[in-house]
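Written out below as structure tokens is the structure these notes cover.
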Amino acid sequence: MVNHQEKMRKIGVGIIGLRFGLSHLQAYMENPQVEVMGICDLDDKRLGEVKAKYGVKVAVTDYRDLLKQKDIDAVSVVTPDHFHVEHSVAAMRAGKHVLCEKPMAPTVEECEQIIRTSDETDMKFMVGQVCRFTPNFILTKELISKGTIGELFFVESEYAHNYRRALGVGGWRKDPKIGREPFLGGACHAVDLVRWMADEVEEAFAYRNHRALPDWPRDDCTIAIFKFRNGVIGKVFCSIGCYRPYTMRSVFYGTKGTIISDNTSPHIWLFLGEMEDMLLDFIIIPVKLTGKNIKGEVDTFVDCVINEKPVELDGREGARTVATCIAAIESARKGKPVQVKTIK
């Protein structure tokens with residue numbers, strides 16, 4: 001009798017950053033094709049606690065020491081945005097595949113540096129745009145692709161959050177020296193989602209203000225209008241200071257129907273056709289509520305590494321989302337439409 005468990009190929013992984021990175025660690029622990037070989041964090045106490053709880057062999061405060069471990073094949077980079085390029089490039093240069101949390105990097109130029117490194121080293125690089133692994137949005141994508149609601153003509157999404165108690169480790173999200181842009185750091189979720197559902201964005205026009213979090217260094221509310229390559233138009237709203245439960249409520253309008261979908265809801269709404277009394281016929285479709293579904297993201301990355309599959313959410317795809325966000329930010333500054341930079 002063949003013991004398939006013995007023949008199962010495994011990879012060793014490491015995690016850089018143990019705040020949100022803890023969710024990566026837990027997801028890796030649940031994957032039978034993974035052994036978590038090392039962790040890295042600047043907080044010695046947190047590092048020791050996680051090492052003891054999960055039985056990880058190597059725990060270091062310097063990411064370069066982690067990358068020296070020969071039994072680590074891949075790493076998750078789960079550090080603040082402005083460290084993504086440094087950590088990702090170093091990992092690939094060290095022969096490690098990389099799963100990097102969103103946004104890919106704060107600038108298009110840094111994204112292009114990561115892309116070049118992935119190309120030069122032949123290491124896989126994946127961006128953690130987790131909405132693509134959320135059951136609600138996966139089903140929405142399938143329905144749109146099948147033509148269930150006809151031809152898309154308008155799409156909208158929102159990133160509504162309250163950052164008052166989400167400053168990040170050391171308060172980096174609010175640090176004026178870092179100058180994190182909320183529309184890139186947060187709304188990249190919604191921007192990536194509408195890109196995935198509709199098409200590439202050609203042009204952005206945006207307005208923003210700074211009233212909800214006046215002591216923060218950047219404008220906290222942005223509304224961006226997008227013109228897509230295929231003629232679809234769209235909108236993304238971002239607020240990091242609104243008093244409202246976190247949501248990414250999204251609506252997709254087609255010539256035959258409409259879909260309302262949210263990653264915090266256990267169902268999606270599908271509206272189809274017109275009835276004689278002019279009321280829309282609708283269907284409520286239940287879906288599994290998985291939260292951010294880091295497990296789905298991690299499992300996809302592991303599958304790409306072990307089975308040498310191409311990465312759909314690679315550096316170029318991640319960079320296109322960053323370029324779209326940057327165009328909206330520049331438009332709000334300049335007060336005029338801005339073309340989205342083409343990523344090759």
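The values are calculated or read from the model by the stated rules, or taken from the named source; none is laboratory data. Predicted model, so just to flag it, every value in this text is computed and none were measured. Cβ sites come from the backbone with ideal geometry, for glycine too, and all protein chains shown count toward neighbours. For accessibility, only protein heavy atoms count, side chains too; no ligands or nucleic acids. Shrake-Rupley method; radii C 1.70, N 1.55, O 1.52, S 1.80 Å.
Numbers below:
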{"read-out": "Count - residues of the range 32-41 that are open to solvent by less than 40 Å² (accessible area, probe 1.4 Å) and in contact (Cβ under 8 Å) with a residue 60 or more places away in the chain", "value": "1"}
{"read-out": "Residue satisfying condition, being in a strand (DSSP E or B), open to solvent by 60 Å² or more (accessible area, probe 1.4 Å) and closer than 12 Å to Ala327 by Cβ, within set Lys227, Lys235", "value": "Lys227"}
{"read-out": "Residues within the range 83-101 that are buried (at least 23 other Cβ atoms within 10 Å of the Cβ) and either of a type in the set (Phe, Trp, Tyr) or in a loop (DSSP other than H, G, I, E, B) (or both), tallied", "value": "1"}
{"read-out": "Failed item in (1) in contact with a Ser or Thr (Cβ under 9 Å, 6 or more places away or on another chain); (2) crowded, with 19+ Cβ neighbours inside 10 Å; (3) outside any strand (DSSP E or B), with Gly296 passing the rest", "value": "(2)"}
{"read-out": "Matching option when the condition is out of contact with any Ser or Thr (no Cβ under 8 Å at 6 or more places or on another chain) and either free of Cβ contacts under 8 Å to residues at least 12 places away in the same chain or surrounded by fewer than 21 Cβ atoms within 10 Å (Cβ to Cβ) (or both), among Asp62, Asp44", "value": "Asp62"}
{"read-out": "Identity of the residue in the range 47-57, modelled with pLDDT of 95 or more and open to solvent by 20 Å² or more (accessible area, probe 1.4 Å), that ends up nearest to Ala91 (Cα to Cα)", "value": "Lys51"}
{"read-out": "Matching residues in the range 312-344 - criterion: being part of a helix (DSSP H, G or I), over 19 Å from Ile223 (Cβ atoms) and open to solvent by 60 Å² or more (accessible area, probe 1.4 Å)", "value": "Arg316, Arg320"}
{"read-out": "Any chance Leu139 is within 28 Å of Tyr253 (Cβ to Cβ), modelled with pLDDT of 95 or more, within 21 Å of the chain's Cα centre (by Cα) and outside any strand (DSSP E or B)", "value": "yes"}
